[in-house]
Structures are given as C-alpha cells and as structure tokens.
Amino acid sequence: MRTGIATVCLSGTLKEKMQACAIAGFDGIEIFEQDLVTSPLTPEDVRKMAADLGLTLDLYQPFRDFDSVSEDLLVANLRRAEAKFKLMARLGMDTVLVCSNVATASIDSDDLRVEQLGQLAALAGDHGVKVAYEALAWGKYVNDYEHAHKLVEAVDHPNLGTCLDSFHILSRNWDTAPIEAFNPEKIFFVQVADAPKLSMDVLSWSRHYRVFPGEGQFELAKFMGHVVRAGYSGPVSLEIFNDVFRQSDVERTAVDAMRSLIWLEEQSAKWLDAASTGATGADGTQAPGRRRYPMELATLPQVAEPAGYNFAEVRAADTQGLETVLGQLGFEFNGRHRTKDVQLWSLGHARVIINEAAPADGHDPSADASPAIAAPAIGALGFDVASPVIAAARAQQLKAPAVPRKSQANEEVFQGFAAPDSTEIFLCQGTSDGTAAWTSEFGEGLENPAAGPAAVIDHVNLAQPWQHFDEAVLFYTSALALEPQPFAEVPSPTGLVRSQVMATGDRAVRLVLNLAPLNQQRKTYQEHIAFAVDDLVATARDCRARGLEFLQIPANYYEDLDARFGLAPDFLATLQALNLLYDRDADGEFLHFYTATVGSVFFEMVERRGAYDGYGAPNAPVRHAVQYDHLQHR
Ligand SMILES: O=C(O)c1ccc(O)c(O)c1
Ligand SMILES: [Mg+2]
C-alpha cells in the first residue's frame, strides 16, 4: 500500500512538515494550498526538496467551489483553475482535488454540473492534470460520494475521476459497499480519516475532530476493503484536521500518523480475509483465501491479546511511603533483586515492583509535568503474552521505541517498548500457575501465591497528557491488541476527565487511560493500580487494622447512595464506616476503596460481584473531589 499524508495534519512550516513525513517513512504527501502560499520556498524548491527526501507529491488541494455556478462565475473559475494547473506543473504535480461547491453554487442541475466539470476536465487535459472530484459531506448540492461518482461517469473524460474521503462517507453513514462496483480507473485518490462518533454539525466535526485511523470509531478496515476490491491501487493518504495534532510536535505526530496507516493496512487485509472466508461458493465449498488485488497489503507479526498483567512497577527515589502503604494493604515483601535496585512485593497473584531508580526525565519528558519526579510514579507495566519476541517484533514494526533492559547472565531479559506517555511496557511469559519465572531472581521460593489471599491486578489507570491521548489509544490498540471501549467523561474539580478503557475481550487486562487535567499546584498527574480481592469488606477491615490511610468519603455520598439503591441499613453503615464506595448495575455489584496518594500514585482495592464489568464510574467524581481536597490541604 502506498502511504500518504496531507500537510494539513501537521504543525510547523512546509519544510518541517515534509522532513517529518520523510523521517516517519511516508511514500508521498498531499500539499495543502495554505502551506505553499505561506511558504518562502518556490514551487521549484518544494519539488526538489520532495525529490531529495524521497517523497512523491501526490495531490494538490483543495480547489473550492467550482461546480453548479452561473456562467460568469464559471469563466472566473476556469481562469483560477488554469493558474493552479500552471503552478502544479512547476511543482511537478499531476493531481488536484476539487471539492464540491459549498459556497457559490446557485444552480441545482446535474446536467449543468456535467457540462461544467467537462470543461474543467478538458482544460486539465490540456495541462496534463488529473482532477479528483470530492463530495464534501456538507456540499450544497453534491454531498454524497455516489452522486460525485455518477457525475464523473457522465462526464467520461480521462482527466476527471473521484476522490474518496472516508470522513465524508462515514460521517454521513453512507453505505461503503457500492465502492466495489466503481471503475478503478475513475478513482483518482483515496483519503482516510477516523473520527469519534459525535453529534454535531458535520463541518465542525470534520474541521476539528478528525483523528488518525484506530483513534476513532469509524469502520475503516471495511471502507478500505471495498476500495481494495474495487481494484484501486493508488496512494492511501491521511487527511486529518485536528486541533491537537496541528499544535503538537511535528515529528512525533508524523510517527503516530504512520503507525495508524501501518495498522490500517493490516486491518484491511484481515477484513478482506474474513470477508472471503465467510463466503461460500455455489457448490457449498468455502471460497479460497484472499484473492490478489492490485493493491498489495502488508501484514504484521500476529499477536493475541495479553493473558494478564505480569507486574506493575512504581518508581521512587524515596520508597518509604510506598513500602508502608503496600504493607498496610497486605502485600508481602518478597525481597530485593540480586543485581538491581528493585524490590518485589506481592499479594496473591498481584505483583508490584518498586524501582528505586527514579526516572531522571520524569513521567513524560515531552509534557509540561515536572522535570524530575522523585516521588513515586508508575514507571512500567508487564503483560503476559504468548510470545514476547513476536509481540516485540510487532511493536517495533509499529514504530514503538524499544527499551532494552540491562540484565545479567541467566536473568530473564524482558522485551519492552515505551508507550507514548513514556510508561515502559514489558512483554513477559506467564506460567500456568500464575507465577512469574523471574521472581526467583529475588530469592528462592519467596513467592507463594497459594498461601495469601486471592488477589490480582484488576486494572491500571494511567494519566495521559492531553496531546498524547489519541496516540495512546492507537498505540495500545495496535501494539498490544487491547480494544478501546466507549469512553466516559467524569467531572472533577480541576476539569472534565476523559476516561477511555482499553481491555481484552476476557477482561484479564483492563487499562484505563485518563485525559486528566494537570494539577496546577503540584505539576503532576495522579495514576493508580487497582487490585481485585474476593471479600472487600474483610480486606478493608484488615487494612484498617494495619493503619492504612483511606480516602475519606463524605457523608453526602452515602445519603445519595441510599437514595439511589435503597441499601440494607447494616450494609450501608458498613460501607460508610469503612469508606467504601459502591455501584450496581444490571450485571452485578462493585465495591471499592482508595488509599491516600503517595507521590503521584495511589492504590485501589475492588471486589466485583456477579458479572459487573465497570469501574464504579458514578463514584469517580467523589474520588476526584476528595483527592483534590486532600492535595489542597496538605
Ligand atoms: O474542510 C474542507 O474544506 C476540506 C477540504 C478538502 C478536503 O479534502 C476535505 O476533506 C475537506
Ligand atoms: Mg478530503
């Protein structure tokens, strides 16, 4: 698949954008007119720079408001088009995007449009230019890709084709199957964009909220499957108008963009495979495997979703507070590593590593968080996967930066890579009894999960800097095979927290990404690790007996709980006495409590009853408010 990206996706000057696209590995780019008009580079400079960088210049765009106009305007529009065709010759570009008229269209007649687009195609032919006509979702008369294609077919000129842009098609819920019947020679260009499903006018949605494939909710693999089956083999180019990407680091965003296309390519191949195996022939036999299409789709090393958490690592220069809280939670100290400055603590199958080497560069080197967090912060997560080597190879092909861990002879070498928020992700191999092979490095026979209470890591909640949130969703989807669940918004005193659960189908791994406002006083984010136990009330009593500092829940909360659920008075009194939170839905019940925060980290204990699958979201505002209050007063 030939990869492309529109310069409008990125921040910086045209030169900076082009360099970032080349470094990220794109084959070609779309030049957005604004980027050229505002550039000190001559068209000849741009042409040379692209050639030097190994980038093809695939599309010049946009040319606006051409069709459905009065005779006077048509003359002016053709003159305007000719000027652009001449400019394109200097750039060495042969394809221009013409979008359907939104502003000056005054005559709603397909016959007239065919006549006017025919004149444009003839002029383009004289200049060796191909016109790719795109139906904008908010076009005045032409806003449906099939309508645009019908006009192209009616004009029937070799210099006129269509541009298919997934946003304009999927935002309007148009069926994508008819694309398959298109003559591939009439598809001049394909743009892909994802988006979260929002209810707002389509123009605002398109101009501000597009995201890279895998970061939104559109069925892009299916869209691409139809495009591939039509026989299209030209560039597949990202055109993402997004307020955050346009102000983020250009090289980093270009890599995020490239990752999204590598992933989409694989997902499209999978969609085609699934679609062709699902089909049965006339004789009842299964259709053969994926047909060959003009567009070749590369695949990636295949990984199943992780089987569970292997460990969570907290970094801290000063480990005292952490050790105290873990001890009060019932964790056992399992020893220090033979050669590294790390401690192992466990409760049942839940393992927490305390890494005494505080990260020099803080939680996120590129964010506006404090430069050096000496206080505890989540530094790494270990996941059990079937094959760490295959999973690491996949992550690497998806441009995840590797983090090699120094290790001595005969110690387990973890394959690892850095997530966008710089949390290190390690790929481990679990054992069938739920223990980890590496724990003997902390001393022989120390880990004895059968002896203690049953406990596992239920979920980990990572705070994401606002500019990396979408990138993180794609990252965990593509590299770790976690699936994004519908996101929630939680009010907190410092702002609205967007919460995105990433999980495996069996929920053995639940990772919650929070787009959290930065605490302005302390310049840190708060993150937490949650452990699931069988009997939360008993656990809470034990923790209290050991002197654990619970997050203090206000009495108003328990009154509200009673109003909502009508709980038995004894049970309600127990919840209140122990500072426990409660939730219930059609699937089951959820009990949980939080510890006070140590550095940037706090812990949660949960009990899931029945098939409860949530996280106590209705309680999250209470938790945020209490933590905020706590921070203000200490
Ligand atoms: O928002 C726009 O105007 C616009 C312009 C060009 C495109 O290709 C597009 O998809 C949208
Ligand atoms: Mg477009």
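State whether the residues of the range 107-125 include one that is within 16 Å of ligand 2 (Cβ to nearest atom) and either touching a residue at least 24 places away in the same chain (Cβ under 8 Å) or open to solvent by less than 50 Å² (accessible area, probe 1.4 Å) (or both). The answer is no; no qualifying residue exists.
Residues in the range 158-200 that are touching a residue at least 60 places away in the same chain (Cβ under 8 Å) and within 12 Å of ligand 1 (Cβ to nearest atom): CYS163, LEU164, ASP165, PHE167, PHE189, GLN191, VAL192. Restricting the range 239-250 to residues that are within 15 Å of the chain's Cα centre (by Cα) and under 16 Å from PHE167 (Cα atoms) leaves a set whose member that is surrounded by the fewest Cβ atoms within 10 Å (Cβ to Cβ) is ASN242. Evaluate the following for ALA611: is it open to solvent by 40 Å² or more (accessible area, probe 1.4 Å), in contact with an Asp or Glu (Cβ under 8 Å, 6 or more places away or on another chain), among the hydrophobic types (A, V, I, L, M, F, W, C) and over 30 Å from ALA380 (Cβ atoms)? Considered against the rule, which asks whether it is open to solvent by 40 Å² or more (accessible area, probe 1.4 Å), in contact with an Asp or Glu (Cβ under 8 Å, 6 or more places away or on another chain), among the hydrophobic types (A, V, I, L, M, F, W, C) and over 30 Å from ALA380 (Cβ atoms), ALA611 comes out as yes. When we screen GLU44, GLU115, GLU82 for residues that are of a type outside the set (Lys, Arg), within 38 Å of the chain's Cα centre (by Cα) and part of a helix (DSSP H, G or I), the only hit is GLU44.
Taking the conditions exactly as written (in contact (Cβ under 8 Å) with a residue 24 or more places away in the chain, more than 16 Å from ligand 1 (Cβ to nearest atom) and assigned by TED's automatic domain parsing to the domain that holds VAL102), does GLY234 satisfy them or not? Spell out how you get there, then give the answer.
Working: in contact (Cβ under 8 Å) with a residue 24 or more places away in the chain: yes; more than 16 Å from ligand 1 (Cβ to nearest atom): no; assigned by TED's automatic domain parsing to the domain that holds VAL102: yes.
Here the answer is no, as GLY234 does not meet what is asked.
Of the residues examined, ALA148 is one that is within 14 Å of ligand 2 (Cβ to nearest atom), buried (at least 24 other Cβ atoms within 10 Å of the Cβ) and at pLDDT 95 or above. One residue stands out in the range 581-608 among those that are surrounded by fewer than 22 Cβ atoms within 10 Å (Cβ to Cβ) and of a type in the set (A, V, I, L, M, F, W, C): the one that is nearest to the chain's Cα centre (by Cα), namely VAL606. Considering only residues in the range 24-39 that are out of contact with any Leu (no Cβ under 9 Å at 6 or more places or on another chain) and open to solvent by 80 Å² or more (accessible area, probe 1.4 Å), the one that is nearest to LYS399 (Cα to Cα) turns out to be GLN34. On inspection, GLU265 passes the criterion of being surrounded by fewer than 24 Cβ atoms within 10 Å (Cβ to Cβ), in the same structural domain as HIS157 (by TED's automatic domain parsing) and modelled with pLDDT of 95 or more. Hey, among the residues in the range 331-357 that are surrounded by fewer than 20 Cβ atoms within 10 Å (Cβ to Cβ) and of a type in the set (Gly, Ala, Ser), which one's farthest from PHE602 (Cα to Cα)? Per the stated criteria, the residue is GLY335. Cβ-Cβ contacts under 8 Å between residues 6 or more apart (or on different chains), taken from a first residue in the range 80-100 that is touching a residue at least 24 places away in the same chain (Cβ under 8 Å) and of a type in the set (A, V, I, L, M, F, W, C) to a second residue that is open to solvent by 50 Å² or more (accessible area, probe 1.4 Å) and assigned to a strand (DSSP E or B), are listed as VAL96/LYS130.
The values are calculated or read from the model by the stated rules, or taken from the named source; none is laboratory data. The model shown is predicted, which means the values in this text are computed figures rather than measured ones. Using ideal geometry, Cβ is built from the backbone for each residue, glycine included, and neighbour counts are taken over all protein chains shown. Ligands, DNA and RNA are stripped out before the accessible areas are found, and what is left, the full protein with its side chains, is counted by its heavy atoms. Shrake-Rupley method; radii C 1.70, N 1.55, O 1.52, S 1.80 Å.
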